[in-house]
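So the structure is just underneath, and the comments pick up after that.
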Amino acid sequence: MVEWTKSEGVVLPIALAVCLVLAVVISVLTAKKSEKIRRIPLMILAIVVWGLEIAKQTLSARGGYNLWSIPLHFCSLFLYFFPLAGFFGGKVGQFGRTMTFTCGSFFLLLFYFNPSTVIGSSCDNIFGSFSVFHTFIYHHIIILFYLIMVMSRLYHPSKKDFLYVFVGISVYAVVAISMAHILNVNFCNILRSNISFMEALRQSRGQVVYTLVMILIGLAGGEVIVLVPNLCRKKKKEDSFSKIMKILKSEV
């Protein structure tokens, strides 16, 4: 069941509309440009999120550093994938864009299903503090980045995406799980879950089974996400091939 507060019902549709308009305008203006030019908006957003993160970490350190501020949460992954997706071409860029597409799709589903679990009560007073402002803006930059990347045709599905997703999610799982237990910080619901049925699984089957299930869900979900555009790409190629064959047959 989708759970939204009254303030989220007002603020989030407006914020999404702004993101959509910006993404459409940017994709239209750069439609006939080279891929490198089309990546410039992604580069700018990557710089912006790192600027926000540096400010967040600086302010957190001044007030007595909270280990929760360590960027090892699921949404923190975009800090690392955005620069790869925006600044690089080739395999590095493809890895960054694949992981941005995969994690971005995950994020959009989770975010709009229950926004409060992602951004707390930030819709109640966006400018109440820098922390609240950062939470709201950062997560909407994720949405904007995702929309621009997709609308500007910067993500090109390929068979290698399945390997990229497996490696990306596996590396994150190893690092985040290790640090969550070492620091006793609940990164990505690793130590305990705020989802009732997952928490029930953890308490009934134990931490190891719970952790393995979470990893499998992440891997399986990620592979399914990249499977969809790959299937669409394959169908498009087959349709194009069929059209060419029909033309050749008619000429013969």
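Would you check which residues across the range 31-70 are aromatic (F, W, Y) and either in contact (Cβ under 8 Å) with a residue 12 or more places away in the chain or surrounded by 15 or more Cβ atoms within 10 Å (Cβ to Cβ) (or both) and list them?
Taking the range 31-70 first, the residues aromatic (F, W, Y) are 50, 65, 68.
Passing the criteria: W50, W68.
Among the listed residues L12, L22, L42, which satisfies the condition of being over 14 Å from F145 (Cβ atoms), modelled with pLDDT of 95 or more and assigned to a helix (DSSP H, G or I)? Can you show your working first?
Values: L22 fails: over 14 Å from F145 (Cβ atoms); L42 fails: over 14 Å from F145 (Cβ atoms).
Answer to the selection: L12.
Go through F95, F78 for me and flag whichever is assigned to a helix (DSSP H, G or I) and touching a Ser or Thr at 6+ places or on another chain (Cβ under 8 Å).
Values: F95 fails: touching a Ser or Thr at 6+ places or on another chain (Cβ under 8 Å).
Answer to the check: F78.
Look through E8, E3 and report the one residue that is loosely packed, with under 11 Cβ neighbours inside 10 Å, touching a helix residue (DSSP H, G or I) at 6+ places or on another chain (Cβ under 8 Å) and touching a residue at least 24 places away in the same chain (Cβ under 8 Å). Give the derivation first.
Details: E8 fails: loosely packed, with under 11 Cβ neighbours inside 10 Å.
The conditions single out E3.
Under 6 Å by Cβ, and 6 or more places apart or on different chains, what pairs join a residue from the range 82-96 that is over 18 Å from V165 (Cβ atoms) with one that is surrounded by 15 or more Cβ atoms within 10 Å (Cβ to Cβ)?
Close Cβ pairs (under 6 Å, with a partner that is surrounded by 15 or more Cβ atoms within 10 Å (Cβ to Cβ)) amount to P83/A46; G86/R39; G86/L42; G86/M43; G86/A46; F87/M43.
Report whether or not S60 is over 19 Å from V150 (Cα atoms) and touching a Ser or Thr at 6+ places or on another chain (Cβ under 6 Å).
Details: over 19 Å from V150 (Cα atoms): yes; touching a Ser or Thr at 6+ places or on another chain (Cβ under 6 Å): yes.
Answer is yes for this residue.
Taking V28 as the residue in question, decide whether it is touching a residue at least 60 places away in the same chain (Cβ under 8 Å), farther than 29 Å from A220 by Cα and in a helix (DSSP H, G or I). Reasoning before the result, please.
Details: touching a residue at least 60 places away in the same chain (Cβ under 8 Å): no; farther than 29 Å from A220 by Cα: yes; in a helix (DSSP H, G or I): yes.
Considered against the rule, which asks whether it is touching a residue at least 60 places away in the same chain (Cβ under 8 Å), farther than 29 Å from A220 by Cα and in a helix (DSSP H, G or I), V28 comes out as no.
Quick one: P71 ticks every box in (1) within 24 Å of L191 (Cα to Cα); (2) in a helix (DSSP H, G or I) except a single one, so which number is it?
It fails just one condition, (2).
Could you list, in sequence order, all residues of the range 118-135 that are hydrophobic (A, V, I, L, M, F, W, C) and over 15 Å from the mean Cα position of the chain (by Cα)?
Taking the range 118-135 as the starting set, the residues that turn out to be hydrophobic (A, V, I, L, M, F, W, C) are 118-119, 123, 126-127, 130, 132-133.
C123, I126, F127, F130, V132, F133, listed by residue number.
So that you can scan it fast, the table gives a plain yes or no per residue for (1) under 30 Å from K33 (Cα atoms); (2) of a type in the set (A, V, I, L, M, F, W, C); (3) touching a helix residue (DSSP H, G or I) at 6+ places or on another chain (Cβ under 7 Å):
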{"position": "F130", "(1), (2), (3)": "no, yes, yes"}
{"position": "T135", "(1), (2), (3)": "no, no, yes"}
{"position": "M151", "(1), (2), (3)": "yes, yes, yes"}
{"position": "S196", "(1), (2), (3)": "no, no, no"}
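Determine if the range 28-38 includes at least one residue that is closer than 27 Å to T135 by Cβ, of a type in the set (D, E, K, R) and modelled with pLDDT of 95 or more.
First, the residues of the range 28-38 that are closer than 27 Å to T135 by Cβ: none.
Scanning the range 28-38, I find no residue that is closer than 27 Å to T135 by Cβ, of a type in the set (D, E, K, R) and modelled with pLDDT of 95 or more, so the answer is no.
For the range 198-220, state whether one or more residues are within 18 Å of M99 (Cβ to Cβ), modelled with pLDDT of 95 or more and touching an Asp or Glu at 6+ places or on another chain (Cβ under 9 Å).
no
Taking the range 102-129 as the region of interest, how many residues are part of a helix (DSSP H, G or I) and surrounded by 13 or more Cβ atoms within 10 Å (Cβ to Cβ)?
So the first thing to find is which residues in the range 102-129 are part of a helix (DSSP H, G or I), and the list is 102-113, 116-119, 122-124.
Of the ones still in play, those that are also surrounded by 13 or more Cβ atoms within 10 Å (Cβ to Cβ) are 102-108, 110-113, 116-119, 122-124.
Of the residues in that region, 18 qualify.
The values are calculated or read from the model by the stated rules, or taken from the named source; none is laboratory data. Everything numeric here is computed off the predicted structure, so don't read it as measured data. Quick reminder, even Gly has a Cβ in these numbers, built from the backbone with ideal geometry, and neighbours come from all protein chains shown.
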